[in-house]
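Presented below is the structure to which this report refers.
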Amino acid sequence: MKKSLLLILLLPLTVFAQHEFGYHATWYFSYGGFGEFGYKKVSHVGDTSMLGMHWLEFEVTGTGVMKTGPNPDDFVADTTRVWNSIYLATKNDSVFRLLNDSTPYLLYDFSAGVGESWQFAPNDTFMGCDSVPIATVNEFGFDTIDGNVVEFMRVTLPMDTVYYGNTPYYQPMSNTVFNTRIYPDFGSNSYVLLFGTWRNACDGVTILDYGGHSLSCFSNDSLSISFVNQACDFVPFISVEEYESISFEVYPNPTDDLISIQADKVISKVEVYSLGGQKLIETSQTENIELPASSGIYVVAIYFEDGRRAVTKVVKK
């Protein structure tokens, strides 16, 4: 009887100690794609009630730069950019986003244990993707980032083997995907669409738009993290030299196991990602890089000492 009473008394305290996802939080993202780049600041600015739920409102501001030509001064900078607000709601350790400004939809379920799943987007058959968008937890762990120890949840997405000609490809098979490493403190460290999922075309080619948003800095009442070695609101003004094409080759492709890279610029590091956006390898090697054991398509990001980056795909037989 005493044990039961103690449990009843402690439960309300546990609930009150938990804050909603994003409470008093600020994110800085660098973003780029389709000739535009810059940074976005996402800040918790207030609360509101909609659709029978309590939502946190996040204001999105920042600076955007649009290239208008090949010369260094060929750009238009808008220093007062304001994007649409983002609305997130937390209920029982589940994080909801407002979909199309009208429909709540579950994004992250932080109450799920290993082997448990949740549906993170509406299902449809876009581009022939026939699997329901379901995330299944397969690991919990801790990262040390900027001196802070932060927990992460790793999930898997629906995958299947698809044949193009006589070649098998193991790839995501739902119409929607997201980054498969999720941090309960700040979400993912990269998004195509902020705090959302992105469309997946199950055609073996247009799987992942590698543009999008990369997390530069995050802070809330108890945590402050910088992922970069410059100001959170840094905007790189791209010069004409950075638009020169980079000559590089990743070979062999397809490969049985190892890849090597040749380029006309000095390479600082190489990263290998799954098609779901999960970083699998980071190395300074350029020769005999061993790919993961599973056959399939992998995204290879090549970083050069002058700050530029090239992205390509390789097929492991």
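Among the conditions (1) without any contact (Cβ under 8 Å) to a residue 24 or more places away in the chain; (2) in contact with a Pro (Cβ under 7 Å, 6 or more places away or on another chain); (3) of a type in the set (Val, Ile, Thr), THR144 misses just one, which is (2). Residues that are in contact (Cβ under 8 Å) with a residue 60 or more places away in the chain and either over 12 Å from ASN200 (Cα atoms) or aromatic (Phe, Trp, Tyr) (or both) within segment 122-141 comprise just one, PHE126. Of the strands (runs of 3 or more DSSP E) lying entirely inside segment 276-317, the ones with 2 or more residues being out of contact with any Asp or Glu (no Cβ under 9 Å at 6 or more places or on another chain) and either surrounded by 16 or more Cβ atoms within 10 Å (Cβ to Cβ) or free of Cβ contacts under 8 Å to residues at least 12 places away in the same chain (or both) are found at 296-304, 309-316.
Only residues that are modelled with pLDDT of 90 or more and farther than 20 Å from VAL137 by Cα were counted in segment 181-213, giving 1. Scanning segment 170-193 for residues that are part of a strand (DSSP E or B) and of a type outside the set (Ser, Thr, Tyr) returns GLN171, PRO172, VAL177, ARG181, ILE182, GLY187.
The values are calculated or read from the model by the stated rules, or taken from the named source; none is laboratory data. These numbers were taken from a predicted model, which means no experiment stands behind them. Ideal geometry is used to build each Cβ from the backbone, glycine not excepted, and the neighbour counts take in all protein chains shown.
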